[in-house]
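Accompanying notes for the structure given below.
Each reported figure results from applying straightforward, stated rules to the coordinates on display, with no laboratory input. Just so we're clear, the structure is a prediction, and the values are computed from it rather than from any experiment. Because the Cβ atoms are built from the backbone with ideal geometry, glycine has one as well, and the counts that use them run over all protein chains shown.
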Amino acid sequence: MPDSLKLRDYLRVFRVMFKIGLFTFGGGYAMLPQMSAEFAERCKWLKPEEITDIFAVAQSLPGVVAVNASMLTGYRLGGRKCAFVAALGSTLPSFLALIFVTLGYQAFIENRYIAGAMAGVRAAVAGTLAATVFKLGKTTLNDRWGWRLFALALPLTLLSVNPVWIILGGMAAGLARRAVTKRIK
Amino acid sequence: MSVLLELFIIFAQIGFLTFGGGMAMLPVMQRILTDRGLMTLQETIDMVAISQMTPGPFAVNAATFAGMKLAGVWGAAAATLGVMTPSFVITALVSHYFFKFKESALVSSALSGIRPVVPALILAAVWGMGAASLTDAWTWAVALISCGLVIKKVNPAWVILTAGLLGALLLS
């Protein structure tokens with residue numbers, strides 16, 4: 001992305017984020033497969049590990065994780081104004097969908113086609129997210145240190161320890177390792 | 001005006017407290033809305049169902065639903081902006097420093113510890129989603145095929161859209 005954004009660049013960020021918002025069912029991590037496909041694979045605006053960083057920070061801050069992640073992505077791509085453009089882009093589809101659905105929501109809840117569609121969508125979201133862990137893992141789990149931390153964190157997350165503590169734990173481990181290697185030198 | 005302001009403030013609180021996922025906020029959100037007499041318990045149950053059936057983060061969807069129901073389109077706008085405002089303010093402050101110091105020795109060594117634990121967090125989210133949604137051979141097949149397609153770099157948006165259409169035809 002260029003340093004000074006033109007209107008065309010903002011529109012492009014808005015359009016990509018709008019598409020991501022439209023096909024994200026479930027907040028937070030459900031966005032990841034599309035973020036990684038659009039920004040790391042298709043336009044190569046971000047490196048895979050940058051997406052990992054963005055989600056780690058988004059998850060550690062108060063606020064809605066998906067909005068935090070959109071803001072951070074936008075900021076990384078083009079500064080503060082771009083952050084708002086990205087956040088509005090990713091949330092506008094849900095806003096518009098909810099406005100219409102709320103008008104006749106009883107029929108929506110009871111509609112059997114929508115229930116069937118949601119069963120398919122939920123299964124697909126789990127599958128696409130599994131693929132994304134695989135991809136992001138390839139860039140971050142490339143040495144013994146990484147695998148050890150991963151192996152420590154996994155049982156804790158499955159025991160539903162708050163993700164914020166796990167991220168802070170990883171941070172402490174990274175800082176401790178630096179302190180130790182510095183002292184040895 | 002006062003309804004709009006009330007919606008904005010309530011949902012700004014909810015947005016601020018959404019630490020570690022919107023679903024964790026659900027009981028608090030339900031209590032605030034019912035205690036203030038803004039919604040009945042049944043309406044909050046519908047709100048949850050709708051928020052899960054529509055695209056987008058749970059907290060944002062719930063805010064739009066509640067705002068729309070209580071004060072129409074302007075109410076929806078007030079509640080949705082409210083729920084997003086804490087994220088706006090906090091990330092606008094943090095992102096400046098984060099990206100500025102990302103390359104510094106201290107932050108990059110912190111990141112070297114954070115990066116490997118993120119896949120574990122996502123894997124746990126996959127586990128939770130799988131336990132709730134993979135109930136038969138059909139849904140397992142959808143999940144496995146989706147996973148394979150995304151590894152082969154098919155755009156996840158198309159995968160999700162196709163799975164939704166197939167579900168509407170075959171699972172209804």
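Listing for the model above:
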item	result
Per-residue mean of C-beta atoms belonging to partner chains within 10 Å, peptide A:131-138	6
Per-residue average of Cβ from other chains inside 10 Å of B:5-17	1
Mean residue ellipticity (222 nm) of chain A, computed from DSSP H runs ≥ 4 via -39,500 (n - 2.57), nearest 500	-26500 deg cm²/dmol
Helical contribution to [θ] at 222 nm, DSSP H n ≥ 4, -39,500 (n - 2.57), averaged over chain B, rounded to 500	-28500 deg cm²/dmol
Aspartates and glutamates with Cα under 12 Å of A:Lys47, excluding same-chain neighbours fewer than 8 positions away	A:Glu38
Fluctuation leader among A:Ala58, A:Ala115, A:Ala30 - chain A, Gaussian network, Cα springs under 10 angstrom	A:Ala115
Calculated P(r) of region B:72-113 - Cα pairs past 16 Å, %	55
Residues whose placed amide H lies under 5 Å from that of A:Gly27, excluding near-sequence neighbours	B:Phe58
Shape of region A:20-83, Cα gyration tensor, a/c cut at 1.5	rounded
More than 21 angstrom apart: percent of Cα pairs within region B:1-102	31
Equivalent ellipsoid, the protein assembly as shown (semi-axes from 5 times Cα gyration tensor eigenvalues, Å)	32, 24, 20
Shape category assigned to region A:56-149 from the gyration tensor of Cα positions, a/c cut at 1.5	oblate
Packing rank of B:133-139, A:69-75, B:162-168, where each peptide gets the mean count of other beta carbons within 10 Å, highest leading	A:69-75, B:162-168, B:133-139
Sorted largest first, extent of chain A alpha carbons per principal axis (Å)	66, 45, 28
Whole-angstrom gap from region B:96-172 to region A:1-70, using each part's C-alpha centre	14
Pairs beyond 29 Å (Cα-Cα), from A:Lys44/B:Lys102; A:Lys135/B:Lys100; A:Lys44/B:Lys100; A:Lys182/B:Lys153	A:Lys182/B:Lys153
10 Å binning of all Cα-Cα separations within chain B, expressed as whole percents from 0 upward	9, 26, 27, 27, 10, 0
GNM top mover of A:Leu11, A:Leu103, A:Leu149 - chain A, alpha-carbon springs below 10 Å	A:Leu103
